[in-house]
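For reference, the structure is listed below as structure tokens.
The values are calculated or read from the model by the stated rules, or taken from the named source; none is laboratory data. Since this is a predicted model, take the numbers as computed values, not measurements. A quick note on method: Cβ atoms are made from the backbone with ideal geometry, for glycine too, and the neighbour counts reach across all protein chains shown.
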Amino acid sequence: MTNNSAGTTVRLLGAGLRALLVLTVVCGILYPLAVTGIAQAVFPGKANGSEVESDGKVVGSELIGQRYDLPLKKGEQTPAPDLRWFQPRPSNGLGANSVNTQYKLILSGATNRSGDNAELIQWVKDAKAAVVKDNSTATYQVDPSDVPAEAVTSSGSGLDPHISPEYAELQVHRVAERNGLDAARVEKLVEDHTDGRILGFVGEPRVNVLKLNIALKELTAAKG
């Protein structure tokens with residue numbers, strides 16, 4: 001009786017080990033290799049993270065937002081925005097990248113505060129005042145009522161790479177002035193980098209900030 005039990009146990013252990021080996025090879029090696037191979041063959045760009053290049057270097061992903069800030073000054077806890085560039089949505093989740101030469105993430109996440117939270121309301125008011133101040137020029141005054149919601153609120157992920165065409169257009173005069181460009185040329189740049197609704201009806205029109213700033217960099221270089 002004991003020998004039968006021992007033999008059964010050995011057979012069960014052997015079967016279990018064989019099943020583990022087969023499943024490991026199939027699920028852990030063959031399946032990932034097959035999926036990776038198909039992805040690389042059919043969607044190589046997306047499979048590699050939707051990387052964006054500038055001057056032959058990868059400067060980010062079109063799926064993840066970045067910040068465009070000045071170098072952090074002594075005594076500052078938060079760097080000031082580099083107003084030569086189009087600015088993304090406000091977020092603590094974005095890394096620093098003022099000239100498209102770095103690609104660094106800090107963290108991802110939203111504020112998790114309710115709409116009637118006093119601190120959030122004050123943040124929004126301060127952000128709106130900053131948007132009006134930063135984007136007003138000697139020849140163009142931003143109307144506070146024209147400031148879109150995403151200019152003063154962060155996305156749920158904190159890594160939204162897009163802004164609305166309205167927010168991009170609001171920044172045109174400031175970007176043109178800071179770079180010594182004609183506002184009409186910068187506005188055309190925004191138009192050329194505005195993506196419409198998916199399939200014509202899904203989502204909203206949007207502008208990828210990274211791609212827009214790369215185009216701005218090229219336009220500024222061509223001017224010089």
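In region 132-165, the residue that is farthest from P205 (Cα to Cα) out of those that are in a helix (DSSP H, G or I) and touching a Lys or Arg at 6+ places or on another chain (Cβ under 6 Å) is N135. Can you work out which of the residues in region 191-224 that are assigned to a helix (DSSP H, G or I), of a type in the set (A, V, I, L, M, F, W, C) and free of Cβ contacts under 8 Å to residues at least 60 places away in the same chain is surrounded by the fewest Cβ atoms within 10 Å (Cβ to Cβ)? So, considering only residues that are assigned to a helix (DSSP H, G or I), of a type in the set (A, V, I, L, M, F, W, C) and free of Cβ contacts under 8 Å to residues at least 60 places away in the same chain, the one surrounded by the fewest Cβ atoms within 10 Å (Cβ to Cβ) is A222.
Within region 88-98, is even one residue modelled with pLDDT of 85 or more and touching a Gly at 6+ places or on another chain (Cβ under 6 Å)? Yes, there is a match, as at least one residue in region 88-98 is modelled with pLDDT of 85 or more and touching a Gly at 6+ places or on another chain (Cβ under 6 Å). Would you call A129 of a type in the set (G, A, S), at pLDDT 95 or above and assigned to a helix (DSSP H, G or I)? Spelling it out, A129 is indeed of a type in the set (G, A, S), at pLDDT 95 or above and assigned to a helix (DSSP H, G or I). Can you spot a residue in region 171-186 that is assigned by TED's automatic domain parsing to the domain that holds L83, of a type in the set (S, T, N, Q), surrounded by 14 or more Cβ atoms within 10 Å (Cβ to Cβ) and not in a loop (DSSP other than H, G, I, E, B)? Taking every residue of region 171-186 in turn, at least one turns out to be assigned by TED's automatic domain parsing to the domain that holds L83, of a type in the set (S, T, N, Q), surrounded by 14 or more Cβ atoms within 10 Å (Cβ to Cβ) and not in a loop (DSSP other than H, G, I, E, B). For the condition out of contact with any Lys or Arg (no Cβ under 9 Å at 6 or more places or on another chain) and of a type in the set (A, V, I, L, M), what is the one hit in L189, L181? Of L189, L181, the one residue that is out of contact with any Lys or Arg (no Cβ under 9 Å at 6 or more places or on another chain) and of a type in the set (A, V, I, L, M) is L189.
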